[in-house]
Every structure is written in C-alpha cells, then in structure tokens.
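Novice: Below is one structure. I have some questions about it.
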Amino acid sequence: MKISEKELVVGRRNALKMIGLGSTAMLASGFRDIIATEPPDMKAKPKPVISYGKSPVAFTTGTDRQQMMFEVIKPFDKELRTGLKKKQLVIKPNMVVTNKELCATHKDALRALLKYLKPIYKGQIIIAESSSSVNSSDGFKNYGYTDLEKDFNIKFYDLNTKATGRPYFILDRNLHLDPIQIADIFANPDYYIISISRLKTHNSVVMTGGIKNIGMAAPLNPGSINGSKPISYKRNMHSGGSRWLHFNLYLMAQGVRPDFTIIDGVEGMEGNGPINGTPVDHRIAMAGFDVVAVDSMCARLMGIPLENVGYINYCAAAGIGNMDRDKIEIIGGKDPDKSIIPYKLGSNITMQLEWKEPLNLPAPGQRPQNPPASPSQPAIPPKPPK
C-alpha cells in the first residue's frame, strides 16, 4: 500500500511530537529546503524516500556463520542481481579501530558474502572502510581480510587516504549548518553499497547497525594534510554530543545509506561498545533492503526500547524506512521473539538518552543564560546595570 504525502507528513509530525522535538522538525524541514537550493555538486545525490507496505527482513539463527549469511542473503537473490547490473559493487564492513577483533566485521562473514556474490557479479569488488584511525589499511590486514584476495576479485580501498570528497551538510553544536566532506563513493549513484556489520551497543547513540555503519563511514578522516592541524569530519558529526549525533545520522541517511544491509549477530557486543564492549553469544543473523527495518529489528533483539534510539525514530518518521513491527515481514521460518537477549548498555546511557529531553531554550525575546564555566573558558560576566 502506497503511503500518501499527507499521511507521511502526519506520521512524521506525530513521531517528532511524541519525543518532544517539534522545533527540530521545523529545523529538519529548513535544512531540506536549503539542501534543495544548493548546486548539484554541493550535495550527495539523495536516495528516494521509501513508501513501503511491508519491509521484508530475512532472519535466521545458528552457529555456522557462513551458512547463516547464505540463508539471509538468498531470499533477495533476484533483487540483488537486478540491483547490481551496471553498478560498481562496494562492500562496507565495520571496523571502528584496526586492532580489536570483536569490534570489527568477522572475516568469515565477509568471506561468505563474497562467496555468494562470486557467481552473480563478475566485476572487481571494492571493500571500503573509513576507520577512526587514519590508516584503515592496518585493519584490513589485522582482521584477515587481505587473506581473501587469493580467492576473490577484490580491491581494498582506504577511504581516509584515497577517497575524493564531496561537501554535505550536517549541524554543529550551535545548530548552524556545517559543511563537511564525505567520501564520494557513498554519494555516487553508480555504486551499489552493501553494509555488513556486527550487532553492537554504542557509547553515543545506544546501538549501531547498518545506518550508522554507512553514516559514520561517509565523513572523511584524512588526518593532517601538508602539516596542517589534523582533520576529522567524523568528529564534526559528534560535535554536539549524543543529541546531535542522533540527528546528524538522520541527516546523513537522507542521502547516504546502504542499498542492502547484513547484520552478523553470531557474536554481538554489549556494554561500552562500539570498541570496548564484551561478547554476547547471540547466534543470529538478518538482512534486508530497508536499513531502518533491519536496524529496528537489531534493537528489538538486543532488548532495547525503540523509543531510545533517536536516529531510527527520525529516519522512520521521515519515511526513509519502517520501524513499525507490524510493517516488517520476517522471512526464514524462525521467530525473532525467541532470540531476544537484553544487552547490557553503555555505562553512560543516561547521557545518551538526553536527546529525548527538551533543549530548554529561552522563550522568544528572553536573553539566554550565561553558559557554565569550563576549565578552559570562564563564564561570561554580566553586563553592568545602566
């Protein structure tokens, strides 16, 4: 069933009103208008907003990672073959840092995906990453990905050192538009992006799945250029804290998100993810084209209330995908409700959920209060009386 524009607008308003962010909704609308007026070379080509009836998500359980990958990819074989025609295939694993195996996509999951794709995609496959470390190439080697070169026609691409950039707008901590540089590879419509990542908690936005795997890979992290101060546009995404990282992930997802999403939850991560968490023997896997639906299922299977994950709520409210369980069709014969394991969340979860609270801005015509002093910046003294 196609959703009308009126229904979509009403749904968006209700969702944002529910979480107390009516002013943010107006801000998002204004942002969209600004983006629309920019020259074509100043923004990523936006992906279409999706009008779904039901979003299919393949789901399975087990311990054989490679077999499980096949089980969740196979139901989408026809659509994958069609989508890959005349496209350059890019696989985006998840590799936050280059030396902690639990934080990264398992090499056997990557091998299974490549093995599945080998008979249906004859071109060279790019495996691209933009880790928080400037040199992502170390991770390709440390996690065993480079061992796959002898069996598959692949090329590793370190986005931090090789990618060309394209401007994209997010918000800074002062709610001003911040033009950052994103990797052109994620904005080019001639590239087909497959995200493959683990199930993990996160220390800023509660949990991480397909949306964040691509949304935080796109901003470049080139480091120091010609002796300049080190540059990291990923840091810009975080500049306003958890509240604005949720929102900036939504802004990024309007034009930058995966074409197909795979989640390897054979071994997840709980606690202080996405780097310093501990393993969870979860034994699940899932995949689908609607990354919002896939990520919402991740949250459910981790025992995380969906209303706590801001960027999923924003994306669903904007019509980017479904998070409504009644609109998600599970494929594969296994019941996800029997595989829910409540994950231990980050130790700073109270701070992470502040995005749900009002901003406490001054009323129109009132002066804002002086900000609290910090060690590096004293409080602004009050003006003397006239």
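Any read-out appearing in this document is the output of simple, stated calculations on the displayed coordinates, not a laboratory observation. Here the structure is a predicted model, which is why all the values come from computation and not from measurement. Backbone-built Cβ (ideal geometry, glycine too); neighbour counts: all protein chains shown.
Novice: Taking a label point 7 Å from the Cα of R81 along the Cα→Cβ vector, which residues of region 110-129 have an amide N closer than 11 Å to it?
Specialist: 120-121
Novice: Would you kindly derive the ³J(HN,Hα) couplings of region 237-251 from the backbone phi angles with the Karplus curve 6.51 cos²θ - 1.76 cosθ + 1.60 (θ = phi - 60°), listing them in order in whole Hz, with x for Gly and Pro?
Specialist: Each residue of region 237-251 in turn: 4, 8, 4, x, x, 4, 3, 8, 5, 3, 5, 5, 5, 5, 4 Hz.
Novice: Is there a pair in K92/K118; K234/K327; K150/K334; K92/K229; K86/K200 whose C-alpha atoms are over 25 Å apart, and which pairs would that be? Provide the component values of the computation, followed by the final result.
Specialist: Numbers: K92/K118 17 Å; K234/K327 33 Å; K150/K334 35 Å; K92/K229 28 Å; K86/K200 33 Å.
Beyond 25 Å: K234/K327; K150/K334; K92/K229; K86/K200.
Novice: So for region 187-304, taking the charge dipole from beta-carbon charges (+1 Lys/Arg, -1 Asp/Glu), which of V206, G223, H282 sits furthest toward the positive end?
Specialist: Projecting each Cα onto the dipole axis, the largest value belongs to G223.
Novice: What does the charge dipole of region 55-106 about its Cα centre add up to, to the nearest 20 debye, if the Cβ of each Lys and Arg holds +1 and the Cβ of each Asp and Glu holds -1?
Specialist: Details: 9 positive and 5 negative charges, 76 e Å.
It works out to roughly 360 debye.
Novice: Excluding residues on the same chain fewer than 8 positions from K78, give the aspartates and glutamates whose Cα lies under 20 Å from its Cα.
Specialist: Cross-link targets: D190, D259, D290, E329.
Novice: Stretched out fully, how many nm does the piece from K155 to K74 gain, at 0.36 nm a residue minus the Cα gap?
Specialist: Values: separation 81, 0.36 × 81 = 29.16 nm, distance 2.42 nm.
Contour length minus the Cα-Cα distance gives 26.7 nm.
Novice: Pulled fully out, how much extra length does the chain show between I340 and D184, if you take 0.36 nm times their separation in residues and subtract their Cα-Cα distance?
Specialist: On the way: separation 156, 0.36 × 156 = 56.16 nm, distance 3.74 nm.
Length difference between fully extended and current span is 52.4 nm.
Novice: Provide Rg over Rh for region 199-317; use the alpha carbon set for both Rg and the Kirkwood Rh (inverse mean inverse pair distance). Could the numbers behind the result be given before it?
Specialist: Details: Rg = 14.7 Å, Rh = 14.9 Å.
Rounded to two decimals, Rg over Rh is 0.99.
Novice: I would also like to ask the following. Just from the alpha-carbon atoms, what are the Rg and Dmax of region 118-170 in angstroms?
Specialist: Cα radius of gyration and Dmax of region 118-170 are 13.2, 40 Å respectively.
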